[in-house]
Amino acid sequence: TLANVHSQFLLNVEALSEFWSVLDEIDEQTWVLEPEKPTRADSMRRIAIDHPPSIQLHPSTIISRDIKLPYRCSSPGNNVSIK
């Protein structure tokens, strides 16, 4: 029913609130290079570490209902995964 769809939508929004909080913190406390003007629709962030290195953060696909979000971090020449 439509009520069930709405209820499921609200549960998903609630489950992602911590993820969005982390993105908000990244936006406020780092130098975000890409996207230029990030919004919550943008899940990727490339942030400056030092001149010229940068790091790109991508949330992986959601693995389980617990919303586990490992990040893949990469910089030119080196690729590192953080889980």
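Every read-out reported here was derived from the displayed coordinates using simple, explicitly stated rules and does not represent laboratory data. Treat the numbers as computed from the prediction; the structure is a model and nothing was measured. Cβ coordinates were reconstructed from backbone atoms using ideal geometry, including for glycine residues, and neighbour counts include every protein chain displayed.
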Quiz item: Can you work out ³J(HN,Hα) from phi for every residue in the range 18-31, in order, using Karplus 6.51 cos²θ - 1.76 cosθ + 1.60 and θ = phi - 60°, giving whole Hz and x for Gly and Pro?
Solution: 5, 4, 5, 5, 5, 4, 4, 5, 4, 4, 7, 10, 10, 8
Quiz item: If we count every other residue with Cβ under 14 angstrom of VAL32's Cβ, Lys/Arg +1 and Asp/Glu -1, where does the sum land?
Solution: -3
Exercise. Filter the trypsin sites (Lys or Arg not before Pro) in the range 2-58 to those in DSSP coil with at most 16 other Cβ atoms within 10 Å of their Cβ, and list the result.
Key: ARG40
Quiz item: What area, in nm² and to one decimal, does the C-alpha convex hull of the range 1-60 cast on average over all directions?
Solution: 4.9 nm²
